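To start, the structure itself, in structure tokens.
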């Protein structure tokens, strides 16, 4: 079914491409840049193309990279990747009733995921109903992760491995916004299917939230019948930027089956803070996110699996040249810097009282060239220190990445 | 297009190419003598391929409930207990229980000889049975095991002096153990009353690396194999949870890990420390040099190497007697642990030393001072050294 849907979308996009010979047949819908956009608007804030009288708008983005990395002096050489090709379909069904979707092909099509497919019904600007496959609003990156928006080729470690972005599942909820003068307040609240026990039973040898993403059954039924609750509040000021606080939590283990109690309920909870702004004086963009995760791991299970995790990132992006270049009227060259950290096992060993490590720290300087806001060519240098559980001398992994990402 | 933009594009492209070409911005490989892992020299291509397969199985394969972990276990992977192929950490210390003397383990029907103190969710881990004597064992380093495995029995017996015939107070003897029901004998195996010389493990109660590997999969991770088919939870023989070829790959990996390389061997202080090591007669048990016999792996055949062990049992005195033993070893007897790689232990133990059989010593000096029994004279001589001399000896040991 998923493949059929995908094929239909590809054919539709091919049709649009053909129609571009006659520009009267299609219309590019550019996001409204005058409004105060928030992270929660990311699914709306994308460029779409509408073909003629087709009731749906289409879009997507693609990323292609090359990388040369070395781990403690040993390199596997140069490699090329197409980490994701993402297709969007959106449709206004009736006034104030919309359908939006995002389908992602990862690693050259080896994985096909419906990351987002929801119907939004606006009852009031303060009260919208959303149902379907939702991207849980925990942190900011999970909702606002489109490749062309970022100057960095690798996604932030903490936002993809502690919060397992893109984390989406089936659920319902409400959201709303209230704007006054230079301020916008927003909230989101959802009930959805949740995680499963793979987060502490996986081949990564650590508490690993992305392991639950391999369970596609979460789109059909809950693993344990207990809903995952996600709440987010955010406020944006035109000058000071946006700050969000979010929480997501629920029971992850199968504590009962066929009426038989198997285990006590064990929870996983996330608390995240996110912030983004653009300094008006220097036009510097600052984006950051920090997450704490709390996992109910049985005391008789191995300490290899962390009971607490934490981590985050901060990105600084500084435009250095903004002027017409090579025939592109709104071209920009940016320099960028990311610092990031993830601690997969916050705590101390029972046996020694010593610190448990299992941490990653990385610094990523980069440069990017944007012919327009929707396309980015980027070059990054990444240096990361990986410390194992015991805190032995860090494994150093560093390398260069070069890539392109663009909406289409 | 103006020249300005062509130049700008060219500069960016050059920058990218320069970055790609710049090896100096990539991390350097640590010096070979700073690492415990890596293969022995002179392996053939086929042997390297098997080494890599074993490396992946040992260091990368993590067991889960679906792949056979537990339900009772100690660790989820081989690499969990041997970070960087080095010594373990108190977090991964094993508890063995149930055998107070040479008459055998009396708790085999009650979970012995190894306590699986961790369990999958929903299961209760094993508890130490009341009345069972026990000892905690720190996982050893894996380096150079193939060399130790290839020493002929006769070579080990040359160092044995069970009745202290030479009157030097040192009376090393082998642990004569029954063979497991699998594996094969060494070509020159020496038998005594149906038993053979054990050489691995704290009590030298393990015959070879196949027994060590199959037993560790079973007792440490709850993984059954064709060699050890009994589930540690139910006690029943069940389908193998790991294939024989993978077990053999891991055995080959362990067998072909390189021997640790000494660092700063020519440093005068280190040389002086080595001389003191010999003068204090530490080398009576920690025999500096051994020689392998024939091995089907040419890289291990007829090689002289420097492990600083005799692989024999020695009485270490009452302070190191935990009341637990294995095979024909007495509770106060311990196999001489190899000292090679000692100075790199901290790199696998989280930046601290956890030495002696259970990690009770926090430094090499502490470990020396814990030696009793046959090693008491050497310990006393160490105490009588001046502080600079003691430091020279410690530097020598750290160089190994």
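Computed from the coordinates by the stated procedures, all read-outs in this text should not be read as laboratory data. As the structure is a prediction and not an experimental result, all values here were calculated from the model. Positions of Cβ are backbone-derived with ideal geometry, glycine not excepted, and every protein chain shown enters the neighbour counts.
Points to keep in mind about this one:
- Fluctuation leader among A:391, A:132, A:296 - chain A, Gaussian network, Cα springs under 10 angstrom: A:391
- Taking chain B and dividing mean pair separation by its residue count, relative contact order in percent (alpha carbons under 8 Å, at least six apart): 21 percent
- Calculated log₁₀ intensity ratio I(q)/I(0) where the Debye formula runs over C-alpha points of segment A:68-138, q = 0.16, 0.23 Å⁻¹: -0.70, -1.00
- Restricted to Cα atoms, the protein assembly as shown shows a radius of gyration and a Dmax of 31.5, 105 angstrom.
- What the Cα convex hull of segment B:117-219 gives, in volume per residue, is 169 Å³.
- In degrees, nearest ten, helix B:45-55 long axis to first principal axis of chain B (Cα): 80 degrees
- Of the residues A:199, A:162, A:93, the one that moves most in a GNM of chain A with alpha-carbon contacts below 10 Å is A:93.
- Average beta-carbon neighbours from other chains, 10 Å sphere, peptide B:114-123: 5
- Footprinting exposure proxy for B:286, B:117, A:237 (fewest neighbouring C-beta atoms within 10 Å first): A:237, B:117, B:286
- Helix B:3-21 and the longest principal axis of the Cα set of chain B meet at an angle near 20°.
- Spin-label pair residue B:157/residue A:220, simplified geometry with 7 Å Cα→Cβ offset, distance in nm: 6.6 nm
- Ordering B:42, A:289 from the fewest to the most neighbouring beta carbons within 10 Å gives B:42, A:289.
- Coordinate range of the alpha-carbon atoms in segment B:146-295 per principal axis, descending: 56, 39, 31 Å.
- Sites residue B:189 and residue A:79, calculated FRET efficiency, Cβ-Cβ separation with R0 51 Å, nearest 0.05: 0.55
- Each helix, a run of at least 4 DSSP H residues, gives -39500 (n - 2.57); summed and divided by the residues of chain A, these come to -1500 deg cm²/dmol at 222 nm.
- Our helix-only sum for chain B, with -39,500 (n - 2.57) per DSSP H run of n ≥ 4 divided by its residues, gives a mean residue ellipticity at 222 nm of -8000 deg cm²/dmol.
- Sorting A:301, B:182 by the number of Cβ atoms found within 10 Å of their own Cβ, with the fewest placed first, yields B:182, A:301.
- The distance between label points at residue B:34 and residue B:182 comes to 4.0 nm (points 7 Å beyond Cα on the Cα→Cβ vector).
- With contacts taken as Cα pairs under 8 Å at a separation of at least 6 residues, segment A:2-407 carries a relative contact order of 13 percent.
- Here is the tail figure for segment A:73-195: Cα pairs spaced more than 18 Å apart come to 62 percent of all pairs.
- In this label model, residue B:109 and residue B:67 are separated by 3.7 nm, measuring between points 7 Å along each Cα→Cβ vector.
- Compactness ratio for chain A: Cα radius of gyration over 2.2 N^0.38 Å (N = residue count) comes to 1.01.
- The alpha-carbon positions of segment A:78-117 define a convex hull whose volume is 55 Å³ per residue.
- Stretching the chain fully between residue A:95 and residue A:238 yields a gain of 48.6 nm (0.36 nm per residue, less the alpha carbon separation).
- If you plug the beta carbon distance of residue A:122 and residue A:258 into 1/(1 + (r/R0)^6) with R0 = 56 Å, you get a FRET efficiency near 0.85.
- On the basis of the beta-carbon distance and an R0 of 22 Å, residue B:360 and residue B:383 show a calculated FRET efficiency of 0.70.
- Peptide B:81-92, shielding by other chains (average Cβ, 10 Å cutoff): 4
- Partner shielding of A:383-396 amounts to 5, given as the average count of beta-carbon atoms from other chains within 10 Å of each residue beta-carbon.
- Binning the alpha carbon pair distances of segment B:170-244 at 10 angstrom intervals from zero yields the distribution 19, 43, 28, 9, 1, expressed in whole percent.
- For chain B, the alpha carbon convex hull comes to 194 Å³ per residue, rounded to a whole number.
- Segment B:158-212: translational diffusion in µm²/s, Stokes-Einstein, Kirkwood Rh over Cα pairs, 4 °C, 1.567 mPa s: 105 µm²/s
- Highest-fluctuation residue, A:76, A:111, A:351 considered, GNM on chain A with Cα pairs under 10 Å: A:351
- Helix B:268-279 and the longest principal axis of the C-alpha atoms of chain B enclose an angle of approximately 20°.
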